[in-house]
Amino acid sequence: MNQRLDFVLTGSVLGFELIRTDPTFYLDEWTYLTVIPFYSSPASRGVHVFVSVPLGEKLRARVGWYRLHSDPYSYVGFSSSIESDDNSLYLQLRLGF
């Protein structure tokens, strides 16, 4: 879910995402090029919150936080016995041209 916050700053966005991936979730090598890493883990669930603001016409800054819990999984040819909890706070700059 994304909400534009033009009343605060034109072009700013507040985003919230619930993340839930199936234990048999698989991404091929081409998909990995366009997906943020926390969307690529099988048997995971979590939350992602971010704020994005424009810095001129071609530059955009995004500050975000996510929490992700991954369960052990096993399916044909792939498995993991590791259970993990990950948290991350990040700053991202994007240049559009």
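The values are calculated or read from the model by the stated rules, or taken from the named source; none is laboratory data. Note that the coordinates shown come from a computational prediction; the quantities given were computed from them, not determined experimentally. Virtual Cβ from ideal backbone geometry, glycine too; neighbours counted across all protein chains shown. Heads up: the accessible areas ignore ligands, DNA and RNA and are worked out on the full protein's heavy atoms, side chains in. Shrake-Rupley method; radii C 1.70, N 1.55, O 1.52, S 1.80 Å.
Structure summary
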| quantity | calculated |
| --- | --- |
| Close pairs (8 angstrom Cβ cut-off, 6 or more residues apart or separate chains): open to solvent by 70 Å² or more (accessible area, probe 1.4 Å) in region 58-73, β-branched (Val, Ile, Thr) and not in a loop (DSSP other than H, G, I, E, B) anywhere | Arg60/Val53; Val63/Val51; Trp65/Val49; Arg67/Val47 |
| Selection within region 2-13 - closer than 17 Å to Leu59 by Cα and in contact with a Leu (Cβ under 7 Å, 6 or more places away or on another chain) | Ser12, Val13 |
| Some residue of region 30-43 being farther than 19 Å from Asn2 by Cβ, assigned to a strand (DSSP E or B) and at pLDDT 75 or above | no |
